1. I need the phi-derived Karplus couplings for segment 11-17: 6.51 cos²θ - 1.76 cosθ + 1.60, θ = phi - 60°, integer Hz, Gly and Pro marked x.
2. Per DSSP H run of n ≥ 4, the term is -39500 (n - 2.57); total these for the chain, divide by its residue number, and report the mean residue ellipticity at 222 nm rounded to 500 deg cm²/dmol.
3. Explain nothing, just the number: relative contact order of the chain, from Cα pairs under 8 Å at least 6 residues apart, as a whole percent.
4. Which lysines does Lys47 reach when only Cα atoms under 20 Å apart count, and residues fewer than 8 places away in its own chain are ignored?
5. Tell me the chymotrypsin sites (Phe, Trp or Tyr not before Pro) within segment 18-57 that lie in a loop according to DSSP and have at most 14 other beta-carbon atoms within 10 Å.
6. Percent of Cα-Cα pairs per 10 Å bin, from 0 to the last occupied bin, for the chain, please list those.
7. Below 27 Å, Cα to Cα, which lysines can Lys14 reach? Residues fewer than 8 away in the same chain don't count.
8. For the chain, which longest stretch is free of loop sites, where a loop site is one of the trypsin sites (Lys or Arg not before Pro) that DSSP puts outside H, G, I, E and B and that has at most 14 other Cβ atoms within 10 Å?
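Bear in mind these aren't lab numbers, they're just calculated from the coordinates by the rules spelled out. Just so it is clear, the model here is predicted, and its values are computed rather than measured. Because the Cβ atoms are built from the backbone with ideal geometry, glycine has one as well, and the counts that use them run over all protein chains shown.
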Amino acid sequence: MRHSVNEFWVNLCKSIQLCCDAGDFRGMYQGIKCAMRPSGRKKVAIKDIFGNPITEKHKQLERWAQHYSTLYSKEVSIRPETLQCIPKFPIATELDEVPLFDDVYFLMDSNLAKVQAMITCLLNC
């Protein structure tokens, strides 16, 4: 599944680039529109314990709280031999450190440059 999704995005990017290189603005626009379209996720009504849809926001939040309270209150037993099968990884304590301002600024600045380069490419095609 992941491979086919990745292949779709790679092909879409190639198509947009080819249209841009050929000066086909309509094709480029359609490709960008395809990439930026809504994901198509449908909202499913939250239901109460009896299966009736809940429309009021505060009751939906109460239902979510009830659902997760029930879910996480269950005792889970794990066999010791199962725990032995889990690979041990070193603890990454460097992730606990607060990033330096210069590092954050560099990342933000480099991403800004990428966005500006994309806009320039699209305008100059």
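1. Along segment 11-17, the couplings run 5, 5, 5, 4, 5, 4, 5 Hz.
2. Mean residue ellipticity, 222 nm, calculated: -21000 deg cm²/dmol.
3. On the way: 31 pairs, mean separation 23.1, N = 125.
Answer for the chain is 18 percent.
4. Lys57, Lys59
5. Phe50
6. Result returned by the calculation: 9, 16, 17, 26, 25, 8, 1.
7. Within the straight-line limit of under 27 Å, Lys14 reaches these lysines: Lys33, Lys114.
8. Values: sites that count: Arg41, Lys42, Lys43, Lys74, Lys88.
It works out to 1-40.
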